[in-house]
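Right, one structure below, let's go through it.
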Amino acid sequence: MSTTAEILEETASTTAEGPAKPVTIGAEAYISEDYARAERDKLWTKVWQQVGRVEEIPQVGNYLTYDILDESIVVVRTTPDTIRAYYNVCSHRGRRLVDTPDGAKNACGWKTSFVCGFHGWKFNLEGQCTHVRELADWQGELTPERTRLSEIKVDTWGGWVWINLDPHCEPLRDYLEPAASMLDPFELQNMRCRWRKWVAFDCNWKVALEAFNEIYHVDVTHPEFLQFGEFRGWAKAQGKHSNIGYDAPKNLEENKAKLRLGAGADTRISTAQMQVYTWEQVNTNTTRTLVDAALRLADELPEGTPPEKVLKHWLDSARSADVARGVVWPTVDPAHVGKSGTAWQIFPNFQIGHAVNNALCYSARPAGYDPNKCIFEVAVYELFPKGAEPKTEWEYTPVGDPRWLSVLPQDFSNMAAVQRGMKSRGFRGTQPNPYREGAIANLHRNLAQYMGTGQPRRLK
Ligand code: FES
Ligand SMILES: [Fe+2]
């Protein structure tokens, strides 16, 4: 019988000796209402959560809100260099200070102070109460400590604002490692949103995220991609976090990043076809510049150009086309690009799918204490010329809305079906592929530590 530490060790990650050992994960974490309630105190009040972008609050007085379960948080820029975060509640009788819409959409705006709509108590950006009507009635006992807003931890990384409800939490940077150091070269803070949409799913937040944290599903859920090559992927535990990426053919190591060639005899043509399909049917993981550069490949390179030359030419050509319009991609060592993979799962509920010039991010969180409901957000980023960044808003886009195009709805089609299936008495627990779906096992290993529940079990 192995000890928990041994099980953790051998199920944690793929090593030189081979993939991690297989585990099974009980369905409780996905379907139990008690578990969903326990997540509030054991998980959501302990972890760093991404709540928005720094560029959403550029000026002193700009604020945004973030709601999770019963909590609402206000994040506000108080000086050009300082952001602070408060519980969104008036200290008088508990009215929510800034009204927030239902669902994922933030309230955001600009204020010089926050005035409560019930009795008019007023708070400055530093959270101090600056006006109480008929203050003398409290006979001097209403001290600044009793009236100020309750503050919470806030920090920034990657261009995102992060909050943590635990006053004793570790610093954000420490929490994010090694993801932060691996992703820093991609300069995500310079990217801006091209579109962002949110949707409510009839599934647990983990089911929604786990539809995207592995590449194992691509051949079957997205069969149209098979015409462009093989989509085989690895997964690695990275402490609390994980990353995933493509396996590359031995002679084309560079082809394991997100910006990769199509397959077949003529990669000039298949890359262009894959780029156009991706642009038109997913509208992410690429940019107009990359699509156009791929479409030029057949004119610019002779037939029979070896794949590694096609890849280099395509990326160089797109990079210079972007430079010409004032968009400079960071230079990242190809070995580092390969090692960083295609996406990082930041514990517990944020995925960054990074590339040198664009990113696709997913986040999921519970919608109340019903384990069968969640809010899911998709945001697509890229580099823009200064001053030409589009203004975007969170668009509520329900399942079935044609604005999701054709590929993401294929992923969505599994969500409620998995949630329903896992409730069956005949379901014996999730059995993720130890090599390709290791991010699922790692999420549950870390979750179990926060929740104080049993670890994923070895299959045998
Ligand atoms: S509850 Fe806010 S002023 Fe009374
Ligand atoms: Fe998918």
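Across the chain, what fraction of all alpha-carbon pairs, as a whole percent, falls in each successive 20 Å bin from zero upward? Whole-percent P(r) values from 0 Å outward: 23, 54, 21, 2, 0.
Applying 1/(1 + (r/R0)^6) with r as the Cβ-Cβ distance of Phe427 and Ser406 and R0 = 22 angstrom yields a FRET efficiency of 0.15. Close amide H contacts of Lys111 (hydrogens built in the peptide plane, cut-off under 5 Å, sequence separation of 5 or more or a different chain): Asn62, Tyr63. Against the main long axis of the alpha-carbon atoms of the chain, helix 438-451 sits at an angle near 20°. For the pair region 343-422 / region 165-209, the C-alpha centres are spaced 12 Å from each other. Residues whose amide H comes within less than 5 Å of that of Ile346, counting only those at least five positions distant or on another chain, are Gln351, Ile352 (H built at 1.01 Å from N in the peptide plane).
Sorting Lys373, Lys312 by solvent-accessible area of protein heavy atoms yields Lys312, Lys373, largest first, with a 1.4 Å probe.
When the listed pairs Lys236/Lys391; Lys105/Lys206; Lys153/Lys240; Lys236/Lys386; Lys111/Lys197; Lys153/Lys339 are checked against a 24 Å cut-off, the alpha-carbon distance exceeds it for Lys236/Lys391; Lys236/Lys386; Lys111/Lys197; Lys153/Lys339. Between Lys309 and Gln189, the modelled label-to-label distance comes to 4.1 nm, taking each label 7 Å out from Cα in the direction of the beta carbon.
Quick one: dipole size for region 262-301, taken about the Cα centre, charges +1 on Lys/Arg Cβ and -1 on Asp/Glu Cβ, in debye to the nearest 20.
Numbers: 3 positive and 5 negative charges, 17 e Å.
With only Lys, Arg, Asp and Glu charged at Cβ, the dipole is about 80 debye.
3J(HN,Hα) couplings calculated from phi for region 258-268 with the Karplus curve 6.51 cos²θ - 1.76 cosθ + 1.60 (θ = phi - 60°) are, in sequence order, 5, 7, 10, 7, x, 9, x, 5, 10, 6, 5 Hz; Gly and Pro show x. For the set His92, His241, the ranking by accessible area, highest first and with no ligand, DNA or RNA atoms included, is His92, His241 under a 1.4 Å probe. Classify region 345-460 as rounded, prolate or oblate, taking a ≥ b ≥ c as the square roots of the eigenvalues of its Cα gyration tensor: rounded when a/c is under 1.5, otherwise prolate if a/b is larger than b/c and oblate if not. It is prolate, given that a/c is not under 1.5 and a/b is the larger ratio.
The relative contact order of region 333-460, computed from alpha carbon pairs under 8 Å that lie at least 6 residues apart in sequence, is 12 percent. Taking square-rooted eigenvalues a ≥ b ≥ c of the alpha carbon gyration tensor, is region 81-195 rounded, prolate or oblate, where a/c under 1.5 means rounded and, failing that, a/b exceeding b/c means prolate? Judged from the Cα gyration tensor, region 81-195 comes out prolate (a/c at least 1.5, a/b above b/c). Rolling a 1.4 Å probe over the protein chains gives Asp99 an accessible area of about 100 Å². Estimated from helical segments only, the mean residue ellipticity of the chain at 222 nm is -8000 deg cm²/dmol, where each DSSP H run of four or more residues counts as -39500 (n - 2.57).
Assigning unit charges at the beta carbon (Lys, Arg +1; Asp, Glu -1) and nothing else, what dipole magnitude in debye, to the nearest 20, does region 183-326 show about its Cα centre? Write out the running numbers ahead of the final one.
Working: 19 positive and 20 negative charges, 107 e Å.
Roughly 520 debye for region 183-326.
Multiplying the residue separation of Arg146 and Asp81 by 0.36 nm and removing their Cα-Cα distance gives an extension gain of 20.7 nm. When the chain is described by a simple charge dipole with +1 on each Lys and Arg Cβ and -1 on each Asp and Glu Cβ, the residue from Ser424, Ser317, Tyr246 located farthest towards its positive end is Ser424. Could you report the accessible area of Phe201 in Å², rounded to 10, computed with a 1.4 Å probe on the protein chains as they sit in the structure? Surface accessible to solvent at Phe201 totals approximately 10 Å². For region 227-238, 3J(HN,Hα) computed residue by residue from phi via the Karplus equation (6.51, -1.76, 1.60; θ = phi - 60°) reads 5, 9, x, 9, 10, 10, x, 10, 9, 9, 6, 10 Hz, glycine and proline entered as x. Ordered from highest to lowest accessible area with the whole protein assembly present and a 1.4 Å probe, Tyr277, Tyr216 read as Tyr216, Tyr277. Once the Cα atoms of helix 288-300 and of the chain are each reduced to a long axis, what angle between those two axes, in degrees from 0 to 90 to the nearest 10, is obtained? For helix 288-300, the angle is close to 10 degrees. In sequence order, region 72-87 has phi-based couplings of 10, 10, 10, 10, 9, 7, 9, 9, x, 10, 10, 10, 10, 9, 9, 4 Hz under the Karplus curve 6.51 cos²θ - 1.76 cosθ + 1.60, θ = phi - 60°, and Gly or Pro positions carry x. State which stretch of the chain is the longest one without any exposed GluC sites (Glu not before Pro), exposure meaning a DSSP loop state and at most 16 other Cβ atoms within 10 Å. Result, exposed sites excluded: 18-125. In this structure, the amide hydrogen of Arg53, modeled 1.01 Å from its nitrogen in the peptide plane, lies closer than 5 angstrom to those of Val161, counting only residues at least 5 positions away or on a different chain.
What's the magnitude of the charge dipole for the chain around its Cα centre, counting Lys and Arg as +1 and Asp and Glu as -1 at the beta-carbon? Answer in Debye, nearest 20. Mind showing how you got there, number by number?
On the way: 53 positive and 58 negative charges, 98 e Å.
Here the chain has a charge dipole of around 460 debye.
The values are calculated or read from the model by the stated rules, or taken from the named source; none is laboratory data. Keep in mind that this is a model prediction, so the values were computed, not measured. No Cβ is skipped: glycine too gets one built from the backbone with ideal geometry, and neighbour counts run over all protein chains shown. Note: accessible area is taken over every heavy atom of the protein model, side chains too, but ligands, DNA and RNA are not part of it. Shrake-Rupley method; radii C 1.70, N 1.55, O 1.52, S 1.80 Å.
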